[in-house]
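What follows is calculated from the coordinates using simple rules that are stated; it is not laboratory data. Keep in mind that what you see is a predicted model, and the values were worked out from it rather than measured. Neighbour counts are summed over all protein chains in view; Cβ atoms, including those assigned to glycine, are modelled from backbone coordinates with ideal geometry.
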């Protein structure tokens, strides 16, 4: 039994210490700044004394890894599976540190200079070499710049050129091919984890780029050890470039490079650990790593495990084998996104509904477990766990005790189901890359869904009025603004964008619309910016998609709608009156009433058929294509309040006006 600051942890039956925390009052209002809320885990945050670290020996990512190594007592650090059917192999912390120092020295022998002016790209799936590379760079205060498939060739070329990259660590032939397609004059070396074909080596050589094996760089470094040059908390650790929304191949602007310091990363992770308290990562934990390490959510989760001296097990490279990987690994911590958790939920519902008798028994058991969750009891040792819910837990290896989810909202019914059926704590976070990842995190033991929790101890949060969208702080609604130790240093080589995002007082303006709940938690209800994210993580720019579809002779107006809980977009289309009447007359369809005509099944099919070739012509991505439409007979106008005086769509009013139709379209797609 492990003693903690809040009580005792029993792995079989956990009684959340409800007496120590009031779930009806989860954050405090600052008496010093109007409307600013701060964490109950850090009362000093009201004076902007934010949580930056938990131990003065652990203030950078370089120190954090060695801090965890001391705690691990020679335990496992990184695990990988050579194939989906083989057992996991492991490296200790000491082995990882040795390899990282060798690799760092080897990179210097390739002509790189220590310090933040050297930016090294990492284009690889989650694997031990990703972490080894990251730690190698931190040994010499260099900067890690993640690259990834969905960045796209144009954006990838921009990043390589903008960062003046001389060297990129790539995983395999596929990633090397993508790098060569985006190669810039600055690029001289590609270090490969997996051997590539001689043909590709020759092609790279023709471009003046040398391909070198990862292990060869390590070997060279072991022969020419350089003195370490570790970073300080204010040193830049990483620059994360965004995957921008686009219409077809046309990027909407330039990729934004979010500059994060070591202090930013450690502060966000330390704050989450502080709030999680007895449920935070421990030395005995194993985390299953499959979310991209190019994104900060996964890196924060892994950093928390490293700081505790725990272990990370990587997936085998194909998400189709994730269930098999987890059964082999038996992780205790699972960072996940709603899309992944929704698949587990859907698979369970499908299995349960195969027979009536099992559905009744399952729902009866679920009601009992949900009642326990409402009382603050999280366990997996009840009779229902043994008889019914074992098959749900088996999908994630059987031992998961903590799930961290973010990136997009998770439906309330799904999170309640998973908390009950999996018998584990599930916390949901909210944040941006610009604040590392988490700015809010739900409190363990809070059974209420549909919010993202209170502010973390590393930052404060306030809302600001948005007059043109009719969101007002006196109604507890407005744009979410964040200030704290986790807020980024700025956008790389883009002071104008930085100034637009962070005001003179240091508040990060997120572009998301939040609403304070009566219990002091935050709920995200809308987006101020005209770019939104779908449940699969893809960004969509609705105005540009609308302009594509309005090229049709038969479409007068189009309103494209997306939901962060859904993976596709839908639309309300106003057909062009004269063109549609002519179309109807040619087909002998009665056209006296345009309202009746808009309800005609053949017209809807015709409009959808019109939209498909336009999507192909303008190169819309699959997630940008409208999957369902509602035909509305009347034009959006200033008079009916659906159009602004400048001719722009009043999106927040359109959502309210067409709420029944939008919900019905998504139900039809489900």
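Below, the figures for the structure above:
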item: Value of [θ]222 nm, deg cm²/dmol, for the chain, DSSP H segments ≥ 4, -39500 (n - 2.57) each, nearest 500; result: -10500 deg cm²/dmol
item: Packing-based exposure ordering (other Cβ within 10 Å, fewest first) of 72, 197, 30, 644; result: 197, 644, 30, 72
item: Three-way shape call for segment 477-557 based on the alpha-carbon gyration tensor, with the a/c threshold at 1.5; result: oblate
item: Stokes-Einstein diffusion coefficient of segment 420-468, Kirkwood radius over Cα pairs, 25 °C, 0.890 mPa s, in µm²/s; result: 196
item: Sorted by Cβ density within 10 Å, fewest first, the residues 66, 52; result: 66, 52
item: Spatial separation of Cα centroids for segment 261-323 and segment 576-639, in angstrom; result: 48
item: FRET efficiency estimate (nearest 0.05) - Cβ-Cβ, residue 234 to residue 386, R0 41 angstrom; result: 0.20
item: For segment 481-548 and segment 119-153, distance of Cα centres in Å; result: 25
item: The chain: antiparallel DSSP beta bridges as a percent of all, rounded to 5; result: 60
item: Relative contact order for segment 532-669, counting Cα pairs under 8 Å that sit 6 or more residues apart, in percent; result: 24
item: Angle in degrees between helix 296-308 and the longest Cα principal axis of the chain, rounded to the nearest 10; result: 30
item: Taking 358, 417, 306 and counting other C-beta atoms within 10 Å, the order from fewest to most; result: 358, 417, 306
item: Reported label for calculated Rg and Dmax of the Cα atoms in Å given (i) 26.3, 86; (ii) 26.3, 97; (iii) 23.8, 72; result: (i)
item: Equivalent ellipsoid dimensions for segment 532-669 as semi-axes, Å, which come from the Cα gyration tensor, largest first; result: 24, 18, 14
item: Distance-filtered residues of segment 409-423 - backbone nitrogen under 13 Å, label point 7 angstrom along residue 351 Cα→Cβ; result: 421-422
item: Between helix 128-139 and the chain: long-axis angle, C-alpha atoms, 0 to 90°, nearest 10; result: 70
item: Centroid-to-centroid separation of segment 26-68 and segment 185-228 [C-alpha atoms, Å]; result: 42
item: Folded to 0 to 90 degrees: helix 214-223 orientation relative to the chain principal axis, Cα; result: 30
